[in-house]
Amino acid sequence: MSKLISKTLGGLLLTASCVAPLQAETLAEIYQLALNNDAQLRAAHAAFKAGKQSIPLARAGLLPTITGSIELTDGDGDSSSFRTLNFPGQTFDAGAAGNRDNETEFYSLTLTQPLFDMPAWFTFKQGFDLDQQANADLAAEQQALIVRVAVAYTEVLRTSENLITAKAEQRAIGRQLEQTKERFDVGLLPITDVHEAQAAYDAARVNTLESEGALDIAFEALEVMTGQPHSVLAGLAAEFPIQPTEPVDREAWVKFAQDNNFALAAARLGVQAAEKNAKAKRAEHLPRVSAKLSYSNYHEDGSFNVDGVGNQPFSQDDEPLVFSVRMDAPLYSGGFVSAERKIAQQEFIQAQENLLYTKRSTTQQARSQHLKVHTNGARVEARSLGIVSAKSALEATQAGYDVGTRNIVDLLISQRLLYRAQRDYANARYDYILSMLNLKEVAGLLSPDDINKLNAWMKPELVVGKSDSRTKL
């Protein structure tokens, strides 16, 4: 009996039937690969760099602009000009017709400085909000990457342990099926026991196949973030500690989340930016005043060939320096300005509602994640005790089966309860890890240091490999 029990439970302690030659990758190594290759994070970096141009772009509306132009022309063609001169008692026709050939050079340089432009001023102030919003958005995405890596990594470990228990269950039920058939052959058991054992074995075999597929899928999910295939990971040490949150008070975490959550900070900055944009659009009805200083140089050389007279050369030079002050006032633009003002106002209201939703959502997430940490921590301890109880129950059922007081159905149920307890314990540990990371993310506390601390409990000697690297049953 004890030999059978030891064989049955031995499968629960296996991490792999054959060790892959590759070195097991740790959580920190996977995270570093994701930092360099994750498409979502790289897209966030591009958005961040674009957002950092908000201040220079908005400042441009208040700074002077300088424009220059050059124009060179070469003309040749017939020209005529006549006019009638009236004098007392006499009328003369004056003018000439001939061929005109001329070349002109024109250079200009103009400096324009806004003096009063309220839309540009509010747009400039909005640029600072957009700049800070870009910082918050990137920080939120960096924290999200930590969680995504942890979720994908622990999913591999979770499905691996599910596969281990599924294979152990299949082996145990397979041996039980063999014993049941032997007992049936000698007339000790009815055929119904054989059918029960066979059905349980077939179900266990299907469960093993499903677990193998789930494990390979979990490995593929890692590749989405790292851009590289993975086949061997380091497992989580059995000594991983379950600790309460610090501080323990739930409302303290809520307040901290309200003050430090990056998504909430981005929403607040979005409201401020939308408010300034609404003010800028309202100010479009106001006049704009600008000063302009322009310098130009015009030079023309040419000749005018008049029939019977000959070539008449001419030349012209003009070099003005002009300073002007200009005011533009929008009087009517077909309703364009009014429509933009109304759109901006509604976008401001939308940003306010989004902020309200984010505040409520952040509060709810902080409370729920804090509760999950404590619940999952308690579950880990309870599941650990559940394994002890399931083992004892299986031993008692096995003893009863050996003496004939318990049937095959009772034994199979006890075995399933043990494997379920083992799976529940593993899931509780990973749920605790993820709930703690999620709580820190909501509170704005999550950092790469959390990955390093968790990585210290990933042991390369606890090999977790793909299903095709394991011995097939």
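Does region 425-460 hold any residues that are under 30 Å from Asp202 (Cβ atoms) and either under 22 Å from the mean Cα position of the chain (by Cα) or among the hydrophobic types (A, V, I, L, M, F, W, C) (or both), and which are they?
Ala426, Ala428
Are there any pairs with C-beta distances below 6 angstrom linking a residue in region 99-125 that is assigned to a helix (DSSP H, G or I) to a residue that is loosely packed, with under 15 Cβ neighbours inside 10 Å, with the two at least 6 apart or on different chains, and if so which?
Matching pairs, first to second residue: Met118/Leu286; Ala120/Leu62; Phe124/Arg59; Phe124/Leu62.
Sort out which residues of region 147-162 are surrounded by fewer than 23 Cβ atoms within 10 Å (Cβ to Cβ) and of a type in the set (A, V, I, L, M), and write them in order of number.
Within region 147-162, Val147, Val151, Ala152 qualify.
Answer yes or no: is there a residue in region 295-305 that is crowded, with 18+ Cβ neighbours inside 10 Å and under 27 Å from Ala456 (Cα atoms).
No: zero hits.
Condition test on Thr405, is it modelled with pLDDT under 95, surrounded by 15 or more Cβ atoms within 10 Å (Cβ to Cβ) and under 30 Å from Tyr201 (Cα atoms)?
Judged against the criteria, Thr405 is not a match.
Within region 199-217, take every residue that is in contact with a Leu (Cβ under 8 Å, 6 or more places away or on another chain) and closer than 11 Å to Leu412 by Cβ and give me the one that is surrounded by the most Cβ atoms within 10 Å (Cβ to Cβ).
Taking the candidates together, the pick is Ala200.
Among Asp450, Asp431, Asp468, Asp410, which is touching a helix residue (DSSP H, G or I) at 6+ places or on another chain (Cβ under 9 Å), among the acidic types (Asp, Glu), under 23 Å from Ser160 (Cβ atoms) and at pLDDT below 85?
Checking each option against the conditions leaves just Asp468.
Do you know which residues across region 317-362 are touching a residue at least 12 places away in the same chain (Cβ under 8 Å) and aliphatic (A, V, I, L, M)?
Leu321, Val322, Val325, Met327, Ala329, Val337, Ile343, Ala344, Ala351, Leu355
Only one residue in Leu189, Leu222, Leu233 is touching a His at 6+ places or on another chain (Cβ under 6 Å), farther than 26 Å from Ser368 by Cβ and either of a type outside the set (Asp, Glu) or at pLDDT 90 or above (or both), so which one is that?
After applying the criteria, what remains is Leu222.
Based on what the data block shows, is Thr192 more than 30 Å from Lys292 (Cβ to Cβ) and surrounded by fewer than 16 Cβ atoms within 10 Å (Cβ to Cβ)?
yes
Scanning for something under 30 Å from Gln143 (Cβ atoms), touching a residue at least 24 places away in the same chain (Cβ under 8 Å) and either within 47 Å of the chain's Cα centre (by Cα) or not assigned by TED's automatic domain parsing to the domain that holds Ile146 (or both), does region 416-424 turn up at least one residue?
yes
Looking at region 337-347, which of its residues are touching a helix residue (DSSP H, G or I) at 6+ places or on another chain (Cβ under 9 Å) and farther than 16 Å from Lys276 by Cβ?
Matches in region 337-347: Val337, Ser338, Lys342.
Could you tell me whether any residue of region 432-440 is under 23 Å from Leu222 (Cα atoms), among the aromatic types (Phe, Trp, Tyr) and in a loop (DSSP other than H, G, I, E, B)?
Scanning region 432-440 turns up no residue that is under 23 Å from Leu222 (Cα atoms), among the aromatic types (Phe, Trp, Tyr) and in a loop (DSSP other than H, G, I, E, B).
Only one of (1) touching an Asp or Glu at 6+ places or on another chain (Cβ under 9 Å); (2) surrounded by fewer than 21 Cβ atoms within 10 Å (Cβ to Cβ) fails for Ala166. Which number is that?
So Ala166 meets the others, but not (2).
The values are calculated or read from the model by the stated rules, or taken from the named source; none is laboratory data. Treat the numbers as computed from the prediction; the structure is a model and nothing was measured. No Cβ is skipped: glycine too gets one built from the backbone with ideal geometry, and neighbour counts run over all protein chains shown.
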